[in-house]
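What follows is a short report on a single structure.
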Amino acid sequence: MIATPRIGLLPLYLALYDERMPELRAEFEPFIQDVVDGLVTRGVEVYRADVCRVQHEVASAVGVFDEADVDLIVTLHLAYSPSLETADSLIASPQPLLLLDTTMDVSFGLDADPARIMQNHGVHGVQDLASVLRRCERHYEIVAGHLSDSRVLDRASAIAGGACAARLLRSMRTMRIGATFAGMGDFALADTLLEALLGVTVVQREVDDLATIAADIGDDDIQQELESDCQQHEVDVPEDVHRRSIRVGLALRRLLEREQCDSFTFNFGAFNSNRGPIDTVPFLEASKAMARGMGYAGEGDVLTASLVGALNGAFGRTTFTEIFCPDWKGNALFLSHMGEVNPETADGVPRLCEKDFPWAGALNPAVLTCATAPGPAVLVNLAPGPKNTFTLILAPVESLGDGTHPSMRDVIRGWIRPKNSDVAVWLEQYSRLGGTHHSALVMDGDVDALAAFGRYAGLSVEVVV
């Protein structure tokens, strides 16, 4: 389920104008309402403050926003508003900040009536405030333009989604089942570091914890889930394989619910038994969980699982993936993974089939397979860097749709093409930035929104094109 971004709208004004021209302020009410309505129609929940002119009014409004824990505070300069009436409260607030730089009139050209200056000069209040905020190292995003251009509020609402994703990351509870895959170093970070730097809480559990829950799952529960699968997917799997995957999956689902986790990861090597209630790997549930908006990554990768959880929760249609093979000739990259994909990203109806599993002692699992749908997407990677830093790597790409080889129908698959560069150049750029081999793919992703997410989360942001 995609979270609804919540913003606090802070209209700013000058007290002197109320003193000298008290009738003027009422002219701005339809303008403010246009902003509110435009954001609401774009799926944003708006907490609107009264028009604020002086420090105590701003402090009171920001206090309400902080108490409501909005995802984003959006300033709206109706006219010039001195920065020192506003800056202290915004600097003290922990909420992300967006300056919306717009005016009542779309035109103020050579034929402009000077009587309209009072309704259209908020821009220098924006500049005053932005200068002070930057000097005080208070991060903000900014969107400028007239409301008649739909891109203005499109961008503002997308940035609200980015702020929502940052909040989700800071509050993420990620379960890890088993140990991380031995020798994988790119995402290997101490749990305490993930919590201190990103706000991620790691919940460590073992396969035995699943076994206890699985023993209580009845045949009726399994049958109901099986029928649901048959309604949603192209099912081509032996029933015994399907049922054992459902049993393990329901056990995992209940454990995640009990621990109130938003994302999870497991090491497939930890599932090493072909007996008892946990006799296969819960790949199928990993896919279903991503379809429900949860985060997931393979091999015990808490870092990427948390990233996928934040992006999937805020934007939807996000899947865990890996760059597997370069297509040098076709200038593309092949994406895949062993048995996990978000079916919400599928090109067509996903196929549910049996997967050979020679990698550990567990029995063959049922998995969902599909190609990612054609269209624009953004590959997103969270790369650990030196001195406890992180870089959010954003790569706008084109998803190319399904392949043609008949054997690919049993494989999780996708092909992406960089927007503007040769794939060899792209790969060099990516690895110069330290990109890991685990990533997220956001279908129809908005680079501005994702960049805002990164900056609001305190990450360095790099766009690879």
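The values are calculated or read from the model by the stated rules, or taken from the named source; none is laboratory data. This is a predicted model, so every value here is computed, not measured. Neighbour counts run over all protein chains shown; Cβ positions are idealised from the backbone, glycine included.
Odds and ends about this structure:
- Of the residues making up the range 395-404, one or more are surrounded by fewer than 15 Cβ atoms within 10 Å (Cβ to Cβ), without any contact (Cβ under 8 Å) to a residue 24 or more places away in the chain, under 27 Å from H233 (Cα atoms) and assigned by TED's automatic domain parsing to the domain that holds V241.
- Whichever residue in the range 67-97 is touching a helix residue (DSSP H, G or I) at 6+ places or on another chain (Cβ under 9 Å) and among the acidic types (D, E) and, among such residues, is farthest from H124 (Cα to Cα): D69
- Answer residue from the range 168-212, given it is under 30 Å from G8 (Cα atoms), among the charged types (D, E, K, R) and in contact with a strand residue (DSSP E or B) (Cβ under 9 Å, 6 or more places away or on another chain) and is surrounded by the most Cβ atoms within 10 Å (Cβ to Cβ) among those: R173
- Picking from residues in the range 148-188 that are closer than 25 Å to V461 by Cβ, part of a loop (DSSP other than H, G, I, E, B) and modelled with pLDDT of 95 or more, the one that is farthest from the chain's Cα centre (by Cα) is D149.
- Residue selected from the range 123-147 under the condition part of a loop (DSSP other than H, G, I, E, B) and in contact (Cβ under 8 Å) with a residue 60 or more places away in the chain, by the criterion surrounded by the fewest Cβ atoms within 10 Å (Cβ to Cβ): H139
- The residues listed here are V70, V58, V36, V74; of these, the one that is surrounded by 15 or more Cβ atoms within 10 Å (Cβ to Cβ), in a loop (DSSP other than H, G, I, E, B) and either within 31 Å of the chain's Cα centre (by Cα) or not polar (S, T, N, Q) (or both) is V70.
- G295 small (G, A, S), surrounded by fewer than 22 Cβ atoms within 10 Å (Cβ to Cβ) and within 23 Å of L459 (Cα to Cα): no
- Flag if L382 is modelled with pLDDT of 95 or more and within 19 Å of the chain's Cα centre (by Cα): yes
- Leading residue by the ranking (farthest from A314 (Cα to Cα)) among those in the range 1-32 that are in contact with a strand residue (DSSP E or B) (Cβ under 9 Å, 6 or more places away or on another chain) and part of a helix (DSSP H, G or I): F28
- For the range 233-289, taking the residues that are of a type in the set (F, W, Y) and in a helix (DSSP H, G or I), the one that is surrounded by the most Cβ atoms within 10 Å (Cβ to Cβ) is identified as F283.
- Residue in the range 289-311 that is within 25 Å of R167 (Cβ to Cβ) and free of Cβ contacts under 8 Å to residues at least 40 places away in the same chain present: yes
- Within the range 222-234, the only residue that satisfies the criterion of being of a type in the set (D, E, K, R) and touching a helix residue (DSSP H, G or I) at 6+ places or on another chain (Cβ under 6 Å) is E225.
- Search result, residues across the range 413-458 that are β-branched (V, I, T) and surrounded by 18 or more Cβ atoms within 10 Å (Cβ to Cβ): I416, V423, T436, V442, V447
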